[in-house]
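The numbers here are math on the coordinates, done by the rules we state, and not lab data. Predicted model, so just to flag it, every value in this text is computed and none were measured. Heads up, the Cβs are rebuilt from the backbone with ideal geometry, glycines too, and the neighbour counts pull from every protein chain shown.
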Amino acid sequence: MHYTEILVARHGETDWNNSGKWQGDSDIPLNAKGMEQARELAGRLLKEDIRYIYSSDLSRARTTAEIVRKIISSYGVYEEKGLRERSLGKFEGWSAEQVARYMGIPEEEAYRLETDELMIDTFPTVERWADFVNRVWESLNDIADKHTGSKCLVVAHGGVLRAITMKLGNGEGTRLNFENTEFVRLSFDGERISLIGE
């Protein structure tokens, strides 16, 4: 049996990350710290024998992936639009506290908006959570199918990592928050993808 291994990493830091603003699919670039984090990520991946790198088409993920590629010398970076962050519509550029006020949620409960993806699901400008999970899953399965027996890196977003761990986790203890350049490890056996480590 030839397994495909996929490491899915969050991009490096942006100024919006640093100031607590929701990014969604707004194309916010890495800041200097984010670029340094990308170099550190590459250092952690040097012994992984990664053959292929895929990236969201948003610049914060693509730049992270390119920095990693130059250090680990993989074949190249392939953009995959299906890996971009969930579109948050009118809420992009807002803080969780601002969104809470807008929705009439007590400000001390704004933290719930950071992990409960369905709280904003009904707003017409926000991408439905189920649609987001489906497109991420389709992209991951396509990558796994193309590279049987290889190890791939996917550089994407916090929402993508949540979508993966919520789908594959058993609910209890599922990771919902990921720091910049953290990653999870997946295995594909030709039939299904499994979460094998963080």
Checklist outcome for this item: Cβ-Cβ cut-off under 12 Å around Arg86, Lys and Arg +1, Asp and Glu -1: the net charge is -3
Item to check | Entries in Lys21/Lys81; Lys70/Lys90; Lys90/Lys167; Lys33/Lys70; Lys21/Lys47; Lys21/Lys151 that, when Cα-Cα distance is taken, lie over 29 Å | outcome: Lys70/Lys90; Lys21/Lys47; Lys21/Lys151
Checklist outcome for this item: Under the helix-only model (-39500 (n - 2.57) for each DSSP H run of 4 or more, divided by the residues of the chain), the mean residue ellipticity at 222 nm, to 500 deg cm²/dmol, is -10500 deg cm²/dmol
Item to check | Rounded to 5, percent antiparallel among DSSP beta bridges of the chain | outcome: 50 percent
Next on the checklist: Are there any chymotrypsin sites (Phe, Trp or Tyr not before Pro) in the range 40-120 that are in a DSSP loop and have at most 13 other Cβ atoms within 10 Å? List them by number.
Outcome noted: Tyr75
Checklist entry - In degrees from 0 to 90, rounded to the nearest 10, what is the angle of the helix 158-168 Cα long axis to the longest principal axis of the chain? => result 70 degrees
Item to check | Angle between the chain longest axis and helix 129-146 axis [Cα atoms, degrees, rounded to 10] | outcome: 10 degrees
Checklist entry - Packing-wise, with mean Cβ within 10 Å as the measure, how do 22-33, 118-129 rank, highest first? => result 22-33, 118-129
Checklist outcome for this item: Correct semi-axes for the chain, from √(5λ) of the alpha-carbon gyration tensor and rounded to whole Å with the largest first, are 28, 19, 14
